[in-house]
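Structure, as structure tokens:
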Amino acid sequence: MKSDTIAAIATAPGRGGVGVIRISGSNLLPFAFALTGKTPKPRYATLADFKAGDGTAIDSGLLLYFPDPHSFTGEDVLELQGHGGPVVMQMLLARCLDLGARLAEPGEFSRRAFLNGKLDLAQAEAVADLIDAATTSAARSAVRSLQGEFSKAIHGLTDELINLRMLVEATLDFPEEDIDFLKAANAFGRLENLQIRLAEVFDRAGQGKLLQAGLHVVLAGQPNVGKSSLLNRLAGDDLAIVTPIAGTTRDALRSTIQIEGIPLHIIDTAGLRETEDEVEKIGIERSWREIERSDVVLLLVDARSGVSAADREILDRLPERLQRITVYNKIDLSGAQAERHDEAETTAIALSARSGDGIELLRQELLRIAGWHQTEDVFIARERHLRALAMAQEHIAAARSVVESALPALELFAEELRLAQHALGEITGEFTADDLLGVIFSRFCIGK
Ligand code: GDP
Ligand code: ZN
């Protein structure tokens with residue numbers, strides 16, 4: 001299929017040693033020739049002048065040519081490596097548009113890679129997750145998904161489902177065969193085994209989603225109780241490896257630290273005061289929206305005075321759904337022991353941000369709330385994947401109860417297996433609605 005030619009600056013905006021423009025389309029050799037007067041050799045770096053319409057050079061750099069189908073998108077791809085100045089890059093991009101390319105939409109290269117079968121959907125999403133990774137653990141597991149480990153697990157489950165479905169369909173086609181035939185083929189043992197494997201994949205994906213999304217924490221407490229000190233302590237040596245989630249800007253109210261590779265997104269309610277400043281108001285509104293979808297509130301108080309009326313007021317404004325941890329700080333001054341105990345509606349931890357005594361208790365408590373348990377080889381995953389896996393689990397469970405009932409209906413059994421397979425197919429993109437694809441790829445950056 002012939003597609004139009006798209007172009008985008010692939011490197012981050014701003015100045016850099018090298019800037020890359022990526023072009024994808026069909027039959028790009030004439031395009032390369034018009035731009036440089038050269039015919040590049042596939043997969044070699046060609047030194048070239050990138051020329052304006054009047055023949056003067058805009059820049060000189062390297063031209064790379066990846067012919068269809070052996071390229072990222074599966075189409076002809078050109079990469080122009082020029083000098084990474086914003087003006088040069090813009091001039092070069094404008095020249096590409098003159099030559100007939102159009103500006104790529106966010107994620108359009110990856111979308112073409114997906115449509116051309118170079119990547120499945122879970123892999124394409126891993127590309128974005130790798131770019132957005134907030135911790136090294138998240139980056140490592142994104143690469144695993146990108147290399148297809150998650151997809152392989154899904155394909156393994158799907159193959160087994162297909163085998164089972166073939167058995168059942170055969171039974172349906174030949175009415176003289178019946179449930180005993182399925183029993184003889186160990187269909188139910190295999191179904192049970194599938195259930196176990198599905199649960200394992202669900203668990204790994206759940207850990208991967210944690211690495212991708214992190215834990216959202218609201219930090220509350222009066223001035224001077226030690227909020228900043230605690231954050232620094234929690235962050236430990238790898239002081240705040242911070243990346244904003246795509247599309248949002250970082251602001252003073254929000255910071256990201258990590259515990260054992262899990263990103264902790266922390267909103268400091270100290271910044272949520274009344275203000276007349278318009279810019280500040282926007283930031284505060286955004287923080288409240290983040291608080292709405294947070295997981296846990298950490299209320300920090302002075303161990304010597306405990307929870308005050310002002311603290312309660314803040315707690316009352318937070319969603320009740322949030323898990324709560326009350327931290328009694330400065331035990332080095334109060335003389336209390338570092339410890340964890342349960343109170344009426346909260347877990348309490350006594351610690352000293354200054355000495356570090358009791359910090360480990362808090363770290364473990366946060367990991368516990370996050371649901372983190374060290375698993376080998378986590379692959380990155382998203383909420384969308386977890387929902388699809390849960391859906392598949394439901395259909396398998398339904399399939400089991402159908403065949404275990406007194407009057408097993410094999411048509412129903414077959415249908416549940418089909419629905420389970422369909423749910424798995426949504427993860428890799430075999431069955432995915434176009435509008436969902438639009439949503440997924442629109443969150444990518446331009447040039448990816
Ligand atoms: P924030 O206003 O809540 O962010 O509080 P800070 O982190 O700025 O701390 C306020 C003051 O309390 C600073 O002088 C800190 O050094 C001190 N502080 C914080 N945590 C402790 C602690 O555990 N023990 C003692 N002795 N002082 C602390
Ligand atoms: Zn967040």
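We did not get these values from a lab; they are worked out from the coordinates using the rules stated. Model, not experiment: these values are computed from the prediction. Glycine also receives a Cβ, built like all others from the backbone with ideal geometry; neighbour counts cover every protein chain displayed.
Brief remarks follow.
- Taking a straight Cα-Cα cut-off under 27 Å and skipping sequence neighbours fewer than 8 places away in the same chain, the lysines within cross-link reach of Lys448 are Lys2, Lys38, Lys41, Lys51, Lys118, Lys152, Lys209.
- Tensor-based shape of the chain (alpha-carbon gyration tensor, a/c under 1.5 rounded, otherwise prolate or oblate): oblate
- The DSSP beta bridges internal to the chain are antiparallel in roughly 60% of cases.
- Sparse packing (at most 12 other Cβ atoms within 10 Å of the Cβ) combined with a DSSP loop state is found for none of the trypsin sites (Lys or Arg not before Pro) in the range 141-172.
- DSSP beta bridges in the range 214-370 [antiparallel fraction, %, rounded to 5]: 35 percent
- Nonlocal amide H pairs with Leu219, under 5 Å, H built at 1.01 Å: Ile267, Asp268, Thr269, Leu298
- Compared with the alpha-carbon gap, the fully stretched path from Lys41 to Arg387 is longer by 120.0 nm at 0.36 nm per residue.
- Fully extending the segment from Arg321 to Glu411, taken as 0.36 nm per residue of separation minus the present Cα-Cα distance, adds 28.2 nm.
- For Arg324, the residues 5 or more places off, or on other chains, whose built amide H falls under 5 Å of its own are Val297, Thr347.
- Couplings 3J(HN,Hα) of the range 306-322, computed from phi: x, 6, 9, 4, 5, 4, 4, 4, 5, 4, 5, 7, 8, x, 5, 4, 5 Hz, in residue order, whole Hz [Karplus 6.51 cos²θ - 1.76 cosθ + 1.60, θ = phi - 60°; x for Gly and Pro].
- Once the C-beta distance of Gln147 and Ala199 is scaled by a Förster radius of 25 Å, the resulting FRET efficiency is 0.60 to the nearest 0.05.
- Using only side-chain charges placed at the Cβ, +1 for Lys and Arg and -1 for Asp and Glu, the dipole size of the range 6-120 relative to its Cα centre rounds to 140 debye.
- Residue-span extension gain [Ala344 to Ala57] - 0.36 nm each, minus C-alpha spacing: 96.0 nm
- Taking Ala397, Ala134, Ala184 in turn, the Gaussian network model of the chain (Cα-Cα springs below 10 Å) assigns the largest fluctuation to Ala184.
- Couplings for the range 296-305, taken from phi via the Karplus curve 6.51 cos²θ - 1.76 cosθ + 1.60 with θ = phi - 60°, read 8, 10, 9, 9, 9, 9, 7, 4, 7, 10 Hz in order; Gly and Pro are left as x.
- Fewest-first ordering of His70, His83 by other beta carbons within 10 Å of each residue's beta carbon gives His70, His83.
- Entry note, the range 214-370: relative contact order of 24 percent, from Cα contacts under 8 Å with a spacing of 6+ residues.
- Projecting the Cα atoms of Ala423, Val77, Gly371 onto the charge dipole of the chain (Cβ charges, centred on the Cα centre) puts Val77 farthest toward the positive pole.
- Distances between placed amide hydrogens fall under 5 Å for Ile259 paired with Leu264, all partners being 5 or more residues away or on another chain.
- Sorting Val87, Val168 by the number of Cβ atoms found within 10 Å of their own Cβ, with the fewest placed first, yields Val87, Val168.
- Applying both filters, DSSP loop and at most 12 other Cβ atoms within 10 Å, to the GluC sites (Glu not before Pro) of the range 319-359 gives Glu320, Glu343, Glu345.
- For the range 111-121, backbone phi angles converted through the Karplus equation (6.51, -1.76, 1.60; θ = phi - 60°) give residue-by-residue couplings of 4, 5, 4, 5, 5, 8, x, 7, 9, 8, 5 Hz, Gly and Pro being listed as x.
- Of the trypsin sites (Lys or Arg not before Pro) found in the range 280-332, the ones in coil according to DSSP and having at most 13 other Cβ atoms within 10 Å of their Cβ are Arg293, Arg304, Arg321.
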